[in-house]
Amino acid sequence: MQLLKDYLTKDHKECDSLFAKLENKIHSKEIETAKKDFEEFYQRTIRHFLLEEDILFPEFEAMTGETMGPTQVMRMEHSDMRYQLEELKNIFEKKEISKDLVQEIKNILESLLFILQQHNLKEEQILYNMMENLFDADKKKQLLEKIQKI
């Protein structure tokens, strides 16, 4: 049986790959292609946040009784990243993207990358392991099936 941790870590890696693709397009000045790449990265990242916030975190909190611990920190970081994603979305929705806006995109991507790397490391090294140890086999199977449908 696939572990929750493995599935979630794989999802992180896929989002990371989409991020790298987007970043490469921006640095290569392929702005129109970058718009499409951003949309894919945006959708996958928001999906990942939702499966954690709507499915995994509530289950973890119900089992531990802890709502102000690691899941709260992850939610706050998700909120910070959502804000940056929305800033990028607003820029990419513009008809014309000037050199100044390209620089702004680069700045946001740099900041977002830093947060993403730290965030993913905490989830992969701490939170996902806690979930693997906390949930029994049936609960893990149920949760994995649920998140794979999203």
Practice problem: Could you tell me which GluC sites (Glu not before Pro) in segment 1-59 are loop residues by DSSP with no more than 16 other beta carbons within 10 angstrom of their beta carbon? | Solution: GLU30
Practice problem: Just flag the GluC sites (Glu not before Pro) in segment 75-135 sitting in loop per DSSP whose Cβ has no more than 16 other Cβ atoms within 10 Å. | Solution: GLU93, GLU96
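May I ask you to list the trypsin sites (Lys or Arg not before Pro) in segment 1-80 that are in a DSSP loop and have at most 12 other Cβ atoms within 10 Å of their Cβ?
On the way: sites: LYS5, LYS10, LYS13, LYS21, LYS25, LYS29, LYS35, LYS36, ARG44, ARG47, ARG75; in loops: LYS29.
Here the sparse-neighbourhood loop sites are LYS29.
Before rounding to the nearest 500, sum -39500 (n - 2.57) across all DSSP H runs of length at least 4 in the chain and divide by the residue total; then give [θ] at 222 nm in deg cm²/dmol.
Numbers: 7 runs with 119 residues, N = 150.
It comes out at -26500 deg cm²/dmol, rounded to the nearest 500.
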Quiz item: For segment 103-120 and segment 57-91, what is the separation of their Cα centres, given in Å?
Solution: 16
Quiz prompt | Exceeding the 31 Å Cα-Cα cut-off - candidates LYS94/LYS146; LYS89/LYS141; LYS10/LYS89; LYS13/LYS106; LYS36/LYS140; LYS89/LYS122 | solution = LYS94/LYS146; LYS89/LYS141; LYS36/LYS140
Quiz item: Using only the Cα atoms, what convex hull volume per residue in Å³ does the chain have?
Solution: 100
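A short reminder: the numbers here are calculations on the coordinates, not readings from a lab. Just so it is clear, the model here is predicted, and its values are computed rather than measured. Reconstructed Cβ throughout: ideal geometry from the backbone, glycine too, with neighbour counts over all protein chains shown.
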